[in-house]
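The values are calculated or read from the model by the stated rules, or taken from the named source; none is laboratory data. Everything numeric here is computed off the predicted structure, so don't read it as measured data. FYI the Cβ positions are ideal-geometry reconstructions off the backbone, even for glycines, and counts take in every protein chain you see.
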(Lines give C-alpha, C1' and ligand atoms only; values in the text may rest on other atoms or scores of the structure.)
Protein backbone atom coordinates (compact mmCIF):
# COMPACT_ATOMS: atom_id res chain seq x y z
CA UNK A 1 0.00 0.00 0.00
CA UNK A 2 1.45 3.35 -1.03
CA UNK A 3 1.34 6.63 0.85
CA UNK A 4 -1.59 7.84 -1.25
CA UNK A 5 -3.43 4.50 -0.91
CA UNK A 6 -3.39 4.69 2.89
CA UNK A 7 -4.49 8.31 2.90
CA UNK A 8 -7.33 7.47 0.51
CA UNK A 9 -8.36 4.66 2.86
CA UNK A 10 -8.20 6.95 5.89
CA UNK A 11 -10.25 9.64 4.13
CA UNK A 12 -12.88 7.04 3.21
CA UNK A 13 -12.96 5.97 6.87
CA UNK A 14 -13.52 9.61 7.91
CA UNK A 15 -16.52 9.83 5.59
CA UNK A 16 -17.89 6.59 7.06
CA UNK A 17 -17.30 7.91 10.60
CA UNK A 18 -19.26 11.07 9.78
CA UNK A 19 -22.29 8.93 8.90
CA UNK A 20 -21.79 6.56 11.82
CA UNK A 21 -21.90 9.41 14.33
CA UNK A 22 -25.54 10.04 13.47
CA UNK A 23 -26.78 6.44 13.27
CA UNK A 24 -29.50 5.21 15.59
CA UNK A 25 -28.85 2.32 17.91
CA UNK A 26 -31.20 0.09 15.89
CA UNK A 27 -29.20 0.66 12.70
CA UNK A 28 -25.91 -0.11 14.44
CA UNK A 29 -27.34 -3.23 16.08
CA UNK A 30 -28.74 -4.38 12.73
CA UNK A 31 -25.26 -4.03 11.27
CA UNK A 32 -23.66 -5.99 14.13
CA UNK A 33 -26.06 -8.90 13.61
CA UNK A 34 -25.40 -8.83 9.86
CA UNK A 35 -21.63 -8.84 10.46
CA UNK A 36 -21.97 -11.83 12.79
CA UNK A 37 -24.06 -13.75 10.26
CA UNK A 38 -21.63 -12.96 7.45
CA UNK A 39 -18.70 -14.14 9.59
CA UNK A 40 -20.38 -17.47 10.31
CA UNK A 41 -21.29 -17.87 6.65
CA UNK A 42 -17.62 -17.44 5.74
CA UNK A 43 -16.40 -20.05 8.27
CA UNK A 44 -14.75 -22.34 5.72
CA UNK A 45 -12.87 -19.50 4.03
CA UNK A 46 -11.75 -18.04 7.35
CA UNK A 47 -10.51 -21.36 8.75
CA UNK A 48 -8.71 -22.22 5.51
CA UNK A 49 -6.97 -18.85 5.57
CA UNK A 50 -6.08 -19.31 9.24
CA UNK A 51 -4.61 -22.75 8.53
CA UNK A 52 -2.35 -21.13 5.91
CA UNK A 53 -1.26 -18.48 8.41
CA UNK A 54 -0.54 -21.13 11.06
CA UNK A 55 1.48 -23.26 8.63
CA UNK A 56 3.59 -20.25 7.65
CA UNK A 57 4.06 -19.24 11.31
CA UNK A 58 5.16 -22.74 12.35
CA UNK A 59 7.66 -22.86 9.47
CA UNK A 60 9.08 -19.55 10.71
CA UNK A 61 9.64 -21.03 14.19
CA UNK A 62 6.98 -18.92 15.91
CA UNK A 63 6.68 -19.46 19.68
CA UNK A 64 3.83 -21.63 20.93
CA UNK A 65 2.29 -18.73 22.85
CA UNK A 66 1.98 -16.75 19.61
CA UNK A 67 0.62 -19.76 17.71
CA UNK A 68 -2.12 -20.04 20.35
CA UNK A 69 -3.04 -16.39 19.83
CA UNK A 70 -3.09 -16.86 16.05
CA UNK A 71 -5.14 -20.05 15.91
CA UNK A 72 -8.84 -20.14 15.05
CA UNK A 73 -11.23 -23.08 15.18
CA UNK A 74 -15.03 -23.33 14.82
CA UNK A 75 -15.53 -22.60 18.54
CA UNK A 76 -13.37 -19.46 18.46
CA UNK A 77 -15.04 -18.29 15.27
CA UNK A 78 -18.46 -18.80 16.83
CA UNK A 79 -17.27 -16.83 19.87
CA UNK A 80 -16.21 -13.98 17.56
CA UNK A 81 -19.70 -13.90 16.01
CA UNK A 82 -21.34 -14.15 19.43
CA UNK A 83 -19.21 -11.21 20.60
CA UNK A 84 -20.72 -9.08 17.82
CA UNK A 85 -24.23 -10.22 18.74
CA UNK A 86 -23.57 -9.50 22.42
CA UNK A 87 -22.50 -5.96 21.53
CA UNK A 88 -25.88 -5.44 19.88
CA UNK A 89 -27.54 -6.25 23.21
CA UNK A 90 -25.57 -3.59 25.08
CA UNK A 91 -26.73 -0.03 25.59
CA UNK A 92 -25.56 2.53 23.05
CA UNK A 93 -23.06 4.87 24.75
CA UNK A 94 -23.48 7.63 22.17
CA UNK A 95 -25.68 10.48 23.35
CA UNK A 96 -25.51 9.44 27.00
CA UNK A 97 -25.59 12.49 29.27
CA UNK A 98 -22.77 12.35 31.80
CA UNK A 99 -23.82 15.51 33.60
CA UNK A 100 -26.27 18.30 33.08
CA UNK A 101 -26.89 21.56 34.90
CA UNK A 102 -28.28 25.05 34.60
CA UNK A 103 -26.32 28.25 35.12
CA UNK A 104 -27.79 31.04 37.28
CA UNK A 105 -28.84 32.95 34.15
CA UNK A 106 -30.70 29.97 32.70
CA UNK A 107 -28.28 28.34 30.24
CA UNK A 108 -28.85 24.58 30.01
CA UNK A 109 -25.46 22.79 29.79
CA UNK A 110 -25.00 19.05 29.29
CA UNK A 111 -21.96 16.86 28.67
CA UNK A 112 -22.73 13.98 26.30
CA UNK A 113 -20.81 11.05 24.87
CA UNK A 114 -19.71 11.27 21.23
CA UNK A 115 -17.57 8.98 19.05
CA UNK A 116 -13.81 9.41 18.84
CA UNK A 117 -14.06 9.33 15.02
CA UNK A 118 -11.48 7.24 13.14
CA UNK A 119 -9.75 4.72 15.40
CA UNK A 120 -6.56 3.01 14.26
CA UNK A 121 -5.78 -0.27 16.01
CA UNK A 122 -2.34 -1.86 15.59
CA UNK A 123 -2.16 -5.40 16.93
CA UNK A 124 -0.30 -8.70 16.74
CA UNK A 125 -1.53 -12.18 15.73
CA UNK A 126 -5.02 -12.70 17.25
CA UNK A 127 -7.47 -12.53 14.34
CA UNK A 128 -10.31 -12.57 16.88
CA UNK A 129 -9.26 -9.00 17.74
CA UNK A 130 -10.22 -8.04 14.19
CA UNK A 131 -13.89 -8.84 14.78
CA UNK A 132 -13.94 -7.54 18.36
CA UNK A 133 -12.35 -4.23 17.40
CA UNK A 134 -14.58 -3.74 14.37
CA UNK A 135 -17.70 -4.39 16.43
CA UNK A 136 -16.74 -2.17 19.35
CA UNK A 137 -15.81 0.66 17.01
CA UNK A 138 -19.10 0.40 15.12
CA UNK A 139 -21.26 0.26 18.24
CA UNK A 140 -19.48 3.32 19.64
CA UNK A 141 -19.89 5.18 16.33
CA UNK A 142 -16.26 4.96 15.17
CA UNK A 143 -14.76 3.87 11.87
CA UNK A 144 -11.93 1.34 12.27
CA UNK A 145 -8.55 1.16 10.57
CA UNK A 146 -7.27 -2.28 11.54
CA UNK A 147 -3.55 -2.91 11.22
CA UNK A 148 -2.98 -6.58 12.04
CA UNK A 149 0.35 -8.35 11.93
CA UNK A 150 1.65 -10.04 8.79
CA UNK A 151 1.45 -13.40 10.57
CA UNK A 152 -2.37 -13.18 10.52
CA UNK A 153 -2.76 -11.50 7.14
CA UNK A 154 -4.78 -14.19 5.36
CA UNK A 155 -7.05 -14.67 8.39
CA UNK A 156 -7.63 -10.94 8.75
CA UNK A 157 -8.35 -10.51 5.05
CA UNK A 158 -11.14 -13.09 5.14
CA UNK A 159 -12.56 -11.83 8.45
CA UNK A 160 -12.65 -8.20 7.27
CA UNK A 161 -14.13 -9.21 3.90
CA UNK A 162 -16.95 -10.99 5.73
CA UNK A 163 -17.56 -8.03 8.05
CA UNK A 164 -17.67 -5.60 5.13
CA UNK A 165 -20.14 -7.90 3.34
CA UNK A 166 -22.36 -7.75 6.40
CA UNK A 167 -22.23 -3.95 6.41
CA UNK A 168 -23.13 -3.76 2.72
CA UNK A 169 -26.07 -6.13 3.23
CA UNK A 170 -27.71 -3.57 5.54
CA UNK A 171 -26.80 -0.58 3.39
CA UNK A 172 -23.89 0.81 5.40
CA UNK A 173 -20.57 2.00 4.04
CA UNK A 174 -18.08 -0.91 4.06
CA UNK A 175 -15.34 1.63 4.83
CA UNK A 176 -16.68 1.57 8.37
CA UNK A 177 -14.23 -1.36 8.75
CA UNK A 178 -10.88 -1.30 6.96
CA UNK A 179 -7.87 -3.62 6.92
CA UNK A 180 -4.64 -1.67 6.54
CA UNK A 181 -2.08 -3.70 4.59
CA UNK A 182 1.51 -3.07 3.57
CA UNK A 183 4.99 -2.88 5.03
CA UNK A 184 6.34 -1.03 8.04
CA UNK A 185 6.14 2.25 6.19
CA UNK A 186 2.34 2.02 6.32
CA UNK A 187 2.44 1.69 10.11
CA UNK A 188 4.52 4.86 10.07
CA UNK A 189 1.86 6.54 7.92
CA UNK A 190 -0.83 5.60 10.46
CA UNK A 191 1.22 6.94 13.35
CA UNK A 192 1.67 10.34 11.70
CA UNK A 193 -1.74 10.77 10.05
CA UNK A 194 -2.90 13.63 12.25
CA UNK A 195 -6.19 14.99 10.97
CA UNK A 196 -7.13 11.67 9.37
CA UNK A 197 -6.77 9.29 12.34
CA UNK A 198 -8.16 10.52 15.66
CA UNK A 199 -6.57 7.98 17.99
CA UNK A 200 -4.28 4.94 17.80
CA UNK A 201 -4.52 1.92 20.08
CA UNK A 202 -1.60 -0.55 20.04
CA UNK A 203 -2.39 -4.04 21.28
CA UNK A 204 0.43 -6.56 21.54
CA UNK A 205 3.86 -7.08 23.01
CA UNK A 206 6.02 -4.52 24.76
CA UNK A 207 8.05 -3.81 21.61
CA UNK A 208 5.00 -2.95 19.51
CA UNK A 209 3.47 -0.76 22.21
CA UNK A 210 6.73 1.12 22.81
CA UNK A 211 7.21 1.70 19.07
CA UNK A 212 3.72 3.19 18.69
CA UNK A 213 3.86 5.29 21.85
CA UNK A 214 7.25 6.81 21.00
CA UNK A 215 6.78 7.13 17.24
CA UNK A 216 3.24 8.44 16.93
CA UNK A 217 2.11 12.02 16.45
CA UNK A 218 -1.50 10.79 16.55
CA UNK A 219 -2.85 10.53 20.14
CA UNK A 220 -2.30 7.04 21.58
CA UNK A 221 -4.24 5.05 24.18
CA UNK A 222 -1.65 2.67 25.57
CA UNK A 223 -2.64 -0.93 26.25
CA UNK A 224 0.00 -2.54 28.39
CA UNK A 225 1.71 -5.84 28.78
CA UNK A 226 0.68 -7.91 31.77
CA UNK A 227 3.44 -8.69 34.25
CA UNK A 228 0.84 -9.71 36.83
CA UNK A 229 1.66 -10.60 40.45
CA UNK A 230 -0.08 -12.58 43.18
CA UNK A 231 0.85 -12.05 46.83
CA UNK A 232 0.09 -14.86 49.30
CA UNK A 233 -0.26 -13.15 52.66
CA UNK A 234 0.39 -14.67 56.10
CA UNK A 235 -3.40 -14.67 56.64
CA UNK A 236 -4.19 -16.35 53.32
CA UNK A 237 -6.32 -19.47 52.98
CA UNK A 238 -3.62 -21.57 51.33
CA UNK A 239 -6.03 -23.90 49.55
CA UNK A 240 -7.74 -20.85 48.07
CA UNK A 241 -4.37 -19.40 47.11
CA UNK A 242 -3.43 -22.57 45.23
CA UNK A 243 -6.75 -22.66 43.33
CA UNK A 244 -6.52 -19.02 42.31
CA UNK A 245 -2.83 -19.29 41.41
CA UNK A 246 -3.37 -22.33 39.18
CA UNK A 247 -6.33 -20.71 37.44
CA UNK A 248 -4.51 -17.42 36.89
CA UNK A 249 -1.39 -19.17 35.52
CA UNK A 250 -2.68 -22.18 33.59
CA UNK A 251 -6.17 -21.44 32.27
CA UNK A 252 -4.65 -19.54 29.34
CA UNK A 253 -1.00 -18.65 29.93
CA UNK A 254 -0.49 -16.70 26.69
CA UNK A 255 -2.74 -13.75 27.56
CA UNK A 256 -1.99 -10.45 29.28
CA UNK A 257 -4.01 -11.12 32.46
CA UNK A 258 -2.26 -14.44 33.16
CA UNK A 259 -0.21 -14.66 36.34
CA UNK A 260 3.57 -14.26 35.97
CA UNK A 261 4.98 -13.86 39.52
CA UNK A 262 3.98 -15.21 42.94
CA UNK A 263 5.17 -13.45 46.10
CA UNK A 264 4.90 -15.43 49.36
CA UNK A 265 4.89 -14.01 52.90
CA UNK A 266 7.98 -15.18 54.78
CA UNK A 267 5.99 -16.58 57.72
CA UNK A 268 4.12 -19.09 55.52
CA UNK A 269 6.86 -19.77 52.97
CA UNK A 270 8.09 -23.03 54.50
CA UNK A 271 4.67 -24.60 54.21
CA UNK A 272 3.30 -22.85 51.12
CA UNK A 273 6.28 -22.83 48.74
CA UNK A 274 6.63 -26.66 48.56
CA UNK A 275 2.86 -27.03 48.05
CA UNK A 276 2.93 -24.29 45.41
CA UNK A 277 5.84 -25.78 43.47
CA UNK A 278 4.39 -29.29 43.58
CA UNK A 279 0.97 -28.10 42.39
CA UNK A 280 2.46 -26.00 39.61
CA UNK A 281 4.83 -28.76 38.51
CA UNK A 282 1.92 -31.20 38.34
CA UNK A 283 0.17 -28.69 36.06
CA UNK A 284 3.20 -28.50 33.77
CA UNK A 285 4.49 -25.17 35.06
CA UNK A 286 8.21 -24.49 35.60
CA UNK A 287 8.87 -22.34 38.66
CA UNK A 288 11.79 -19.87 38.55
CA UNK A 289 12.91 -18.42 41.86
CA UNK A 290 15.64 -16.58 43.73
CA UNK A 291 17.51 -18.10 46.69
CA UNK A 292 14.57 -17.43 49.02
CA UNK A 293 12.58 -19.99 47.00
CA UNK A 294 15.22 -22.45 45.74
CA UNK A 295 16.34 -23.13 49.33
CA UNK A 296 12.82 -24.36 50.19
CA UNK A 297 12.12 -26.63 47.23
CA UNK A 298 14.64 -28.46 45.00
CA UNK A 299 12.47 -28.40 41.86
CA UNK A 300 12.82 -24.63 41.36
CA UNK A 301 14.92 -23.22 38.50
CA UNK A 302 17.18 -20.34 39.59
CA UNK A 303 15.75 -17.10 38.24
CA UNK A 304 18.02 -15.25 35.84
CA UNK A 305 18.48 -11.48 35.51
CA UNK A 306 15.33 -9.75 34.35
CA UNK A 307 12.98 -12.67 35.01
CA UNK A 308 10.91 -10.58 37.40
CA UNK A 309 10.48 -7.82 34.82
CA UNK A 310 8.82 -9.46 31.80
CA UNK A 311 5.90 -11.60 30.74
CA UNK A 312 6.61 -15.29 30.22
CA UNK A 313 3.32 -15.88 28.32
CA UNK A 314 4.06 -19.57 28.80
CA UNK A 315 3.90 -22.28 31.46
CA UNK A 316 6.62 -20.58 33.49
CA UNK A 317 6.27 -18.62 36.73
CA UNK A 318 8.63 -16.47 38.81
CA UNK A 319 8.51 -16.71 42.61
CA UNK A 320 10.01 -14.87 45.56
CA UNK A 321 9.62 -14.80 49.36
CA UNK A 322 8.94 -11.36 50.90
CA UNK A 323 8.90 -10.14 54.49
CA UNK A 324 5.40 -8.65 54.51
CA UNK A 325 2.77 -6.81 52.49
CA UNK A 326 4.95 -3.69 52.27
CA UNK A 327 7.82 -5.62 50.70
CA UNK A 328 5.35 -7.25 48.32
CA UNK A 329 4.10 -3.82 47.27
CA UNK A 330 7.68 -2.59 46.86
CA UNK A 331 8.46 -5.55 44.58
CA UNK A 332 5.33 -4.86 42.54
CA UNK A 333 6.21 -1.15 42.28
CA UNK A 334 9.64 -2.10 40.94
CA UNK A 335 8.54 -4.73 38.43
CA UNK A 336 4.83 -4.31 37.61
CA UNK A 337 3.55 -3.27 34.19
CA UNK A 338 0.51 -1.77 35.93
CA UNK A 339 -1.98 -4.33 34.62
CA UNK A 340 -3.48 -6.57 37.33
CA UNK A 341 -2.20 -7.31 40.82
CA UNK A 342 -3.70 -9.77 43.33
CA UNK A 343 -3.58 -10.40 47.07
CA UNK A 344 -4.80 -13.55 48.81
CA UNK A 345 -5.60 -12.78 52.43
CA UNK A 346 -8.25 -13.12 55.10
CA UNK A 347 -7.17 -9.89 56.77
CA UNK A 348 -9.30 -6.92 55.71
CA UNK A 349 -6.77 -4.36 56.94
CA UNK A 350 -3.97 -5.97 54.89
CA UNK A 351 -6.25 -6.22 51.86
CA UNK A 352 -7.14 -2.54 52.12
CA UNK A 353 -3.47 -1.58 52.46
CA UNK A 354 -2.62 -3.59 49.32
CA UNK A 355 -5.54 -2.11 47.37
CA UNK A 356 -4.70 1.47 48.35
CA UNK A 357 -0.95 1.29 47.72
CA UNK A 358 -0.67 -0.84 44.58
CA UNK A 359 -0.76 1.26 41.41
CA UNK A 360 -2.38 -0.82 38.65
CA UNK A 361 -5.35 -0.77 36.29
CA UNK A 362 -6.92 -3.58 38.35
CA UNK A 363 -6.30 -4.79 41.91
CA UNK A 364 -7.90 -8.05 43.02
CA UNK A 365 -8.56 -9.49 46.46
CA UNK A 366 -9.02 -13.28 46.66
CA UNK A 367 -9.85 -13.63 42.96
CA UNK A 368 -8.03 -14.70 39.80
CA UNK A 369 -6.51 -12.03 37.55
CA UNK A 370 -8.15 -13.85 34.63
CA UNK A 371 -11.32 -11.93 35.53
CA UNK A 372 -9.74 -8.65 34.38
CA UNK A 373 -11.46 -8.71 31.02
CA UNK A 374 -14.19 -6.64 29.40
CA UNK A 375 -16.40 -9.69 28.87
CA UNK A 376 -16.00 -10.88 32.46
CA UNK A 377 -16.80 -7.38 33.74
CA UNK A 378 -20.01 -7.41 31.70
CA UNK A 379 -18.78 -4.77 29.25
CA UNK A 380 -18.93 -7.04 26.21
CA UNK A 381 -15.93 -7.46 23.95
CA UNK A 382 -12.97 -5.23 24.68
CA UNK A 383 -10.31 -3.44 22.67
CA UNK A 384 -7.69 -4.19 25.29
CA UNK A 385 -6.61 -3.36 28.84
CA UNK A 386 -5.37 0.20 29.15
CA UNK A 387 -2.51 0.59 31.63
CA UNK A 388 -2.17 4.36 31.20
CA UNK A 389 -3.89 6.90 33.41
CA UNK A 390 -5.39 9.37 30.93
CA UNK A 391 -8.76 8.95 29.18
CA UNK A 392 -9.19 5.23 29.88
CA UNK A 393 -7.74 2.70 32.33
CA UNK A 394 -8.50 -1.01 32.64
CA UNK A 395 -10.75 -2.94 30.21
CA UNK A 396 -11.55 -0.70 27.24
CA UNK A 397 -15.07 -1.31 26.05
CA UNK A 398 -17.78 0.90 24.55
CA UNK A 399 -17.68 3.83 26.97
CA UNK A 400 -13.88 4.05 26.70
CA UNK A 401 -14.18 4.37 22.91
CA UNK A 402 -15.96 7.70 23.23
CA UNK A 403 -15.11 11.30 23.93
CA UNK A 404 -17.53 13.97 25.10
CA UNK A 405 -18.83 17.32 24.00
CA UNK A 406 -20.79 20.02 25.78
CA UNK A 407 -24.19 21.03 24.46
CA UNK A 408 -25.27 24.51 25.55
CA UNK A 409 -28.90 25.56 25.08
CA UNK A 410 -30.05 29.11 25.55
CA UNK A 411 -32.91 31.44 24.77
CA UNK A 412 -31.06 34.29 23.16
CA UNK A 413 -28.43 34.47 25.86
CA UNK A 414 -25.49 36.84 25.36
CA UNK A 415 -22.54 37.29 27.69
CA UNK A 416 -22.32 40.54 29.58
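Answer yes or no as to whether residue 284 is in the same structural domain as residue 353 (by TED's automatic domain parsing), assigned to a loop (DSSP other than H, G, I, E, B), at pLDDT 95 or above and more than 30 Å from residue 356 (Cα to Cα).
Here the answer is yes, as residue 284 does meet what is asked.
Which ones in region 257-286 are farther than 21 Å from residue 328 by Cβ and surrounded by 22 or more Cβ atoms within 10 Å (Cβ to Cβ)?
Scanning region 257-286 gives no hits.
Under the condition of being touching a helix residue (DSSP H, G or I) at 6+ places or on another chain (Cβ under 6 Å) and closer than 15 Å to residue 122 by Cβ, which residue from region 219-232 is modelled with the lowest pLDDT?
Ranking the qualifying residues of region 219-232, first place goes to 225.
Out of 40, 70, 47, 32, which single residue is surrounded by 15 or more Cβ atoms within 10 Å (Cβ to Cβ) and within 16 Å of residue 149 (Cα to Cα)? Give the derivation first.
On the way: 40 fails: within 16 Å of residue 149 (Cα to Cα); 47 fails: within 16 Å of residue 149 (Cα to Cα); 32 fails: within 16 Å of residue 149 (Cα to Cα).
Result of the check over 40, 70, 47, 32: 70.
Just checking, which of 163, 87 is touching a residue at least 24 places away in the same chain (Cβ under 8 Å) and over 22 Å from residue 15 (Cβ atoms)?
Values: 163 fails: over 22 Å from residue 15 (Cβ atoms).
The conditions single out 87.
Can you find a residue that is at pLDDT 95 or above, buried (at least 16 other Cβ atoms within 10 Å of the Cβ) and within 13 Å of the chain's Cα centre (by Cα) anywhere in region 309-316?
No: zero hits.
Starting from residues that are in contact with a strand residue (DSSP E or B) (Cβ under 8 Å, 6 or more places away or on another chain) and surrounded by 24 or more Cβ atoms within 10 Å (Cβ to Cβ), keep the ones in region 148-159 and report whichever is farthest from residue 77 (Cα to Cα). First the steps, then the outcome.
Narrowing region 148-159 to residues in contact with a strand residue (DSSP E or B) (Cβ under 8 Å, 6 or more places away or on another chain): 148-149, 156-157.
The next check asks that each one be surrounded by 24 or more Cβ atoms within 10 Å (Cβ to Cβ); those that pass are 148, 156.
Values: 148: 17, 156: 12 Å.
Applying the filter and picking the extreme gives 148.
Being without any contact (Cβ under 8 Å) to a residue 24 or more places away in the chain, under 27 Å from residue 141 (Cα atoms) and buried (at least 17 other Cβ atoms within 10 Å of the Cβ): is that true of residue 209 here?
Numbers: without any contact (Cβ under 8 Å) to a residue 24 or more places away in the chain: yes; under 27 Å from residue 141 (Cα atoms): yes; buried (at least 17 other Cβ atoms within 10 Å of the Cβ): yes.
Considered against the rule, which asks whether it is without any contact (Cβ under 8 Å) to a residue 24 or more places away in the chain, under 27 Å from residue 141 (Cα atoms) and buried (at least 17 other Cβ atoms within 10 Å of the Cβ), residue 209 comes out as yes.
For region 136-147, what are the residues that are in contact with a strand residue (DSSP E or B) (Cβ under 9 Å, 6 or more places away or on another chain) and part of a helix (DSSP H, G or I)?
The first filter runs over region 136-147 and keeps only residues in contact with a strand residue (DSSP E or B) (Cβ under 9 Å, 6 or more places away or on another chain), leaving 136-138, 140-147.
Matches in region 136-147: 136, 137, 138.
Output the residue which, of all residues in region 287-308 that are in a loop (DSSP other than H, G, I, E, B) and in contact with a helix residue (DSSP H, G or I) (Cβ under 6 Å, 6 or more places away or on another chain), is surrounded by the most Cβ atoms within 10 Å (Cβ to Cβ).
So in region 287-308, the residues in a loop (DSSP other than H, G, I, E, B) come out as 290, 295-300, 303-308.
From the residues that got through so far, the ones that are in contact with a helix residue (DSSP H, G or I) (Cβ under 6 Å, 6 or more places away or on another chain) too are 296-297, 299-300, 308.
Details: 296: 20, 297: 19, 299: 13, 300: 24, 308: 21.
By that ranking, first place goes to 300.
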